[in-house]
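Let me begin by presenting the structure, written as structure tokens, before commenting on it.
The values are calculated or read from the model by the stated rules, or taken from the named source; none is laboratory data. Values in this document were obtained by computation on a predicted structure and should not be read as measured data. Here Cβ is always computed from backbone atoms with ideal geometry, including for glycine, and neighbour counts include all displayed protein chains.
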Amino acid sequence: MGMYTELVMACELPKDTPEKIINIIQYMLGEIDECPNIIEERDPLFNTTRWRCMLRSSSYSFIKSRATSSLWYDGIAKQYILSVWCNLKKYDEEIDKFLKWIVNYTTSYGFVGYTRYEELENPTLIYFENNTVKYK
């Protein structure tokens with residue numbers, strides 16, 4: 001059946017992030033019901049079967065068993081903040097594909113979070129550097 005992987009991360013998206021991208025994230029978070037038109041989005045993430053719900057997925061395999069992902073606009077910082085806390089079985093590498101997609105829209109640089117595999121004690125740290133995802 002596979003094991004669960006936890007994703008905990010946060011990143012900043014600029015005020016001028018395309019509305020389509022904000023709508024896709026809101027849809028993934030369950031904040032809007034209608035799936036945005038993603039025909040132009042040829043990213044591998046959207047070829048996975050569970051991209052729509054991955055940011056809301058959770059299990060009892062981790063202490064924090066309830067997904068608490070959110071997106072909000074911070075009026076003081078004048079940017080969007082995406083905070084993700086979820087876990088899922090990575091049948092189609094959804095977490096890696098999500099990170100490779102979102103890194104193109106974020107202004108965050110350096111450490112942004114971690115993934116943790118259910119059977120491993122230590123997490124894998126996630127860094128965004130030059131529009132790429134690095135794991136340590």
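When only residues in region 111-136 that are assigned to a loop (DSSP other than H, G, I, E, B) and surrounded by 13 or more Cβ atoms within 10 Å (Cβ to Cβ) count, which is modelled with the lowest pLDDT?
Ranking the qualifying residues of region 111-136, first place goes to Glu118.
I need every pair where a residue in region 87-101 that is under 18 Å from Glu119 (Cβ atoms) has its Cβ under 6 Å from the Cβ of a residue that is in a helix (DSSP H, G or I), sequence separation at least 6 or different chains.
Pairs that qualify, where the first residue is under 18 Å from Glu119 (Cβ atoms) and the partner is in a helix (DSSP H, G or I), are Leu88/Met54.
When the residues of region 93-110 are narrowed to those that are more than 11 Å from the chain's Cα centre (by Cα) and not polar (S, T, N, Q), which ends up modelled with the lowest pLDDT?
Glu93
Give me the residue from region 73-83 that is modelled with pLDDT of 95 or more and of a type in the set (A, V, I, L, M, F, W, C) and, out of that set, surrounded by the fewest Cβ atoms within 10 Å (Cβ to Cβ).
Ile81
Report, by residue number, each residue of region 1-28 that is touching a residue at least 40 places away in the same chain (Cβ under 8 Å), more than 24 Å from Leu125 (Cβ to Cβ) and within 14 Å of the chain's Cα centre (by Cα).
Ile21, Ile22, Gln26
If you scan region 1-35, which residues turn out to be in contact with a Cys (Cβ under 9 Å, 6 or more places away or on another chain), within 25 Å of Gly110 (Cα to Cα) and not in a helix (DSSP H, G or I)?
Result: Glu6, Leu7, Val8.
If you go through region 84-96 one residue at a time, how many are surrounded by 20 or more Cβ atoms within 10 Å (Cβ to Cβ) and not hydrophobic (A, V, I, L, M, F, W, C)?
Here the count works out to 3.
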